[in-house]
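To start, the structure under review is shown below, and the notes come after it.
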Amino acid sequence: MPSSSSLEDQLYPSTPGKFKIERNHGLMNRQVHRCFGSSSTMFLWALLLIASTVSYVTFQGVVDSGSRYLSASWGGIQWEKQVRASAQIHRQGGMSVLVTGAAGFIGSHVSLALKRRGDGVVGLDNFNDYYDPSLKKARKALLQSRGVFIVHGDLNDAKLLAKLFDVVAFTHVMHLAAQAGVRYAMENPMSYVNSNIAGLVTLLEACKTANPQPSIVWASSSSVYGLNEKVPFSESDRTDQPASLYAATKKAGEEITHTYNHIYGLSITGLRFFTVYGPWGRPDMAIFTFTRNMLQGKPITVYRGKNRVDLSRDFTYIDDIVKGCVGSLDTSGKSTGSGGKKRGAAPYRIFNLGNTSPVTVPTLVSILERLLKVKAKKNIVDMPGNGDVPFTHANITSARREFGYKPTTDIQTGLKKFVKWYLSYYGYGKTTLN
Ligand SMILES: O=C(O)[C@H]1O[C@H](OP(=O)(O)OP(=O)(O)OC[C@H]2O[C@@H](n3ccc(=O)[nH]c3=O)[C@H](O)[C@@H]2O)[C@H](O)[C@@H](O)[C@@H]1O
């Protein structure tokens, strides 16, 4: 039978602030005695207290795990069935690919292309509101109609990633989830750190632990070339003078993936995309905002570089990028590690995926004017120092040599396809395109 002092010990364990506690002891003793009267009733009260504490803790546990399943949209038998069905391979020698950012612009296109040729595809996306999530939901519906299931979850959810690798032995990961946009990094820097650094590491940790380890192809960016002036940009050019935090996080991603390749034998391919555009594109990008504003009769802001030089971009059409992504996956080579241990050297590759024909922003606007039959109201302003670079231009020799990458869509053709999609998606009815 515990003495009253042992109960007091539980209430007031020995601490460095002993003097104060002893002072309170007397008071506590008096209160305890007033409440409990005799030592036997005190014991009963003690039992009751312990029992209620235990049942409270147990109840909290149930509530916690219950709320995780209630709030998380993943887990359960039905969910696992959907994941497995989506990952099913329907061609000989096919692969099962986890596509992160599958409800995004490039992710949705790559997912569809892989599924179309018979590969297994499972998407992962957190459907954040960096831009209108209804567009992401529409892409999701499209993918769902083609048999691609998108898991609603976050890259930083290590438990979810472990579960996914538990349910499916993915052969490849196409990592396209990221915080994109060069200028938004001034507004919300931490979102870049969360997605492009922390999220990337969480994913790599899951990949390194997975057995078998998948091969990883992931989205870097042309922005890593930063303030370089030598054109066209080659993969071996310096990438140590980024102009935005976005670019810095992508550059960091290249270093981080190198570490995982080196230590754990993960096969890694980084793709430096050059201003990708096309149907289902990103609403934060210039082609999208220009089109929207011009159709709504609103002005557009056209940035201009130093000495009134026009800015230019190596705008690359989505279908060409998809071919580059699929080519990278097909030639990625295997990861060598298992159980978190490296068993040999694995490929580490970086490729530019651009169009090789830069176009100035004013030229872009004039093509849109012709296609939309609208005269743009242009505000021409000096390029603010918020992350932009004056020009980009890709050298694609490496990607051509490794997997026959050869962009075939010029800006006129690509913009025509984009505008056609835009008009139909946003209900502008039938417009004949020139
Ligand atoms: O290639 C890349 O690495 C990057 O391409 C784009 O970045 P950016 O080239 O800046 O694409 P846009 O935001 O569409 O801008 C295209 C051009 O239009 C200009 N622009 C943009 C917005 C605007 O209001 N006015 C304007 O003149 C920009 O200065 C730039 O020269 C993407 O937003 C990045 O996520 C991607 O990583």
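The values are calculated or read from the model by the stated rules, or taken from the named source; none is laboratory data. Keep in mind it's a predicted model, so treat the numbers as computed, not measured. As a convention, Cβ positions derive from the backbone with ideal geometry for all residues, glycine included, and neighbour counts pool all protein chains shown.
The conditions are (1) part of a loop (DSSP other than H, G, I, E, B); (2) within 16 Å of the ligand (Cβ to nearest atom); (3) buried (at least 18 other Cβ atoms within 10 Å of the Cβ), and G107 fails exactly one of them. Which is it? Failed condition: (1). Is it the case that R370 is of a type in the set (D, E, K, R) and assigned by TED's automatic domain parsing to the domain that holds F233? Spelling it out, it is not the case that R370 is of a type in the set (D, E, K, R) and assigned by TED's automatic domain parsing to the domain that holds F233. Among the residues of segment 294-311, those identified as surrounded by fewer than 20 Cβ atoms within 10 Å (Cβ to Cβ) and either β-branched (V, I, T) or touching a residue at least 40 places away in the same chain (Cβ under 8 Å) (or both) are L295, G297, K298, P299, I300, T301, Y303, R304, G305, K306, V309, D310. Each residue in segment 271-311 was checked for being farther than 22 Å from T409 by Cα, within 7 Å of the ligand (Cβ to nearest atom) and among the aliphatic types (A, V, I, L, M), and 2 pass.
Only helices (runs of 4 or more DSSP H) whose full extent lies in segment 133-221 are considered here, and the ones with at least 3 residues that are under 27 Å from D388 (Cα atoms) and out of contact with any Cys (no Cβ under 9 Å at 6 or more places or on another chain) are 133-145, 189-192. When E229 is tested against the conditions (1) in a helix (DSSP H, G or I); (2) of a type outside the set (K, R); (3) more than 30 Å from T336 (Cα to Cα), the lone failure is (1). The one condition from (1) surrounded by fewer than 17 Cβ atoms within 10 Å (Cβ to Cβ); (2) at pLDDT 95 or above; (3) out of contact with any Asp or Glu (no Cβ under 9 Å at 6 or more places or on another chain) that P283 does not meet is (3). For segment 229-244, filtering for residues that are of a type outside the set (V, I, T) and within 13 Å of the ligand (Cβ to nearest atom) leaves 4. One residue is enough: does segment 308-318 have a residue meeting the conditions farther than 21 Å from A394 by Cβ and over 24 Å from the mean Cα position of the chain (by Cα)? Yes, because at least one residue in segment 308-318 is farther than 21 Å from A394 by Cβ and over 24 Å from the mean Cα position of the chain (by Cα).
Of all residues in segment 312-323, those satisfying the criterion of being within 13 Å of the ligand (Cβ to nearest atom) and assigned to a helix (DSSP H, G or I) are I318, I321. Residue-level analysis places S366 among those that are surrounded by fewer than 18 Cβ atoms within 10 Å (Cβ to Cβ) and without any contact (Cβ under 8 Å) to a residue 24 or more places away in the chain.
For the residues T257, T209, the requirement of being closer than 21 Å to S338 by Cβ, modelled with pLDDT of 95 or more and within 19 Å of the chain's Cα centre (by Cα) singles out T257. Can we say Y225 is hydroxyl-bearing (S, T, Y), within 14 Å of the ligand (Cβ to nearest atom) and touching a Ser or Thr at 6+ places or on another chain (Cβ under 9 Å)? Considered against the rule, which asks whether it is hydroxyl-bearing (S, T, Y), within 14 Å of the ligand (Cβ to nearest atom) and touching a Ser or Thr at 6+ places or on another chain (Cβ under 9 Å), Y225 comes out as yes. Could you grab me the full set of residues in segment 384-413 that are surrounded by fewer than 16 Cβ atoms within 10 Å (Cβ to Cβ) and within 15 Å of the ligand (Cβ to nearest atom)? Residues satisfying the conditions are P384, G385, N386, D388.
The set of residues from segment 345-362 being away from the ligand (no atom under 11 Å from the Cβ) and touching a strand residue (DSSP E or B) at 6+ places or on another chain (Cβ under 8 Å) comprises A346, P347, Y348, R349, I350, F351, T356.
N307 - would you say it is at pLDDT below 95 and outside any loop (DSSP other than H, G, I, E, B)? When the stated conditions are applied, N307 passes them. Taking F149, is it aromatic (F, W, Y) and not assigned by TED's automatic domain parsing to the domain that holds T259? The answer is yes for F149.
Of everything in segment 365-383 that is touching a Phe, Trp or Tyr at 6+ places or on another chain (Cβ under 7 Å) and assigned to a helix (DSSP H, G or I), the residue that is farthest from the ligand (Cβ to nearest atom) is L368. So, in segment 319-359, exactly how many residues are under 23 Å from F105 (Cβ atoms), surrounded by 16 or more Cβ atoms within 10 Å (Cβ to Cβ) and not basic (K, R)? Matching residues across segment 319-359 total 20.
For segment 166-220, taking the residues that are of a type in the set (D, E, K, R) and in the same structural domain as G265 (by TED's automatic domain parsing), the one that is nearest to the ligand (Cβ to nearest atom) is identified as R183.
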